[in-house]
1. Take the alpha carbon atoms of segment 140-254, find their radius of gyration, then divide it by 2.2 N^0.38 Å using N residues; give the quotient.
2. List the residues, sorted by chain then number, that are 5 or more residues from Ala154 or on another chain and whose placed amide H is less than 5 Å from its amide H.
3. Hey, which aspartates and glutamates would be in cross-link range of Lys248, C-alpha to C-alpha under 13 Å, not counting anything within fewer than 8 residues on its own chain?
4. Would you tell me the accessible area of Thr200, worked out with a 1.4 angstrom probe on the heavy atoms of the protein chains, in Å² to the nearest 10?
5. Using modelled amide H (1.01 Å from N, peptide plane; none on Pro or chain starts), what sits under 5 Å from the amide H of Val99, excluding residues fewer than 5 places away?
6. Taking only the C-alpha atoms, wrap a convex hull around the chain and report its volume per residue in Å³ as a whole number.
7. With θ taken as phi - 60° and the coefficients 6.51, -1.76 and 1.60, list the Karplus ³J(HN,Hα) couplings across segment 255-266 in order, rounded to whole Hz; mark glycine and proline as x.
8. Within 14 Å, Cβ to Cβ, of Tyr46, how many net charges do the neighbouring residues add up to if Lys/Arg are +1 and Asp/Glu are -1?
Amino acid sequence: MRNIPYVVDGDWLEARLEDPNLRLIDASTFLKIPEGEGFPELWSGYEAYKEEHIPGAAYADLLKDFTNPEGKAPFTIATREQFLKAVEPLGITDETYVVIYDRGPLVNVDILASDWSARLRWQLKYEGFDNVAVLDGGFRKWKLDGRPTELGIANYEPAPFPGERREHLIVTKEEVKSALGDENIVLINSLSEADFRGETTTYTRPGHIPGSKHAFFGSHSDPETRLLFDDATLCATFEKLGALDPNKKVITYCGGGIAATWNALLLNKLGQENVAVYDGSLNEWAADESCPLVKG
């Protein structure tokens, strides 16, 4: 049962750092998009975590432990067996609540979104645990506010994970194909406008899935405060896409199923629970010539 907000700020978290029921998790992962041609670089945030993290935080290695190395596309979600092995050291039980933070989406690009945190939060929700929040502004905002940090490694007492998997929170490529033209389903592309229009070469083929709406995952925060816009502003963004209609299902996607989880989190925060993530996203879709893409 959920009893904490979807998103919390630094004051909220700092006041609870000594709470024995808190499971604070650093999910930092580093992604660097090369200029021009070339494949993106992706690496673990574990070394950065050891150098500095919020006091008491344990580290979750999304790249190494929460991803299926045999998946059909990069960053495919871990199997249930893999997930249980990875999550047990975090000590999550029915008596605990989880707060997740990260160091931002991209290296050397100041996009305001905690999508790595949102990815782990979505995985926990998918595997059956709801009492999870993401830290607004992440580690960068925490540091800018002069809040405490520490070095080294922190651990929790391992515990069996209590949740049961919810298959409806993920959709496959075939399910997305079936959704094309369905007026009861809203497809949301979470990438940049240039990616959406097909003006980049990040993926095998450029463009977006036909019928997709566009909501760039990095446009939901105030550059001055580095915090999310208020709910009224967020609602205005998603309402114009039809994504807050309780009678419709929303499917979010991006490049590899990471940024899409940030939009999914915000939709949940605004009351839309009928949200699924296309885990394969464009890494899988663009690689299959039978899957249509449009530009513009």
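1. 1.41
2. Under 5 Å from the amide H of Ala154: Tyr59.
3. Leaving aside aspartates and glutamates fewer than 8 places away in the same chain, those within reach of Lys248 are Asp182, Glu183, Glu239, Glu273.
4. Rounded to the nearest 10, the figure is 40 Å².
5. Arg23, Leu24, Ile25, Ala133
6. 128
7. Each residue of segment 255-266 in turn: x, x, x, 9, 4, 4, 6, 5, 4, 4, 4, 5 Hz.
8. With Lys, Arg at +1 and Asp, Glu at -1, the net is -4.
The values are calculated or read from the model by the stated rules, or taken from the named source; none is laboratory data. It should be emphasised that the depicted structure is a prediction, and the values quoted were computed from it without experimental measurement. Quick reminder, even Gly has a Cβ in these numbers, built from the backbone with ideal geometry, and neighbours come from all protein chains shown. The area values use the complete protein model at the heavy-atom level, side chains included, leaving out ligands, DNA and RNA. Shrake-Rupley method; radii C 1.70, N 1.55, O 1.52, S 1.80 Å.
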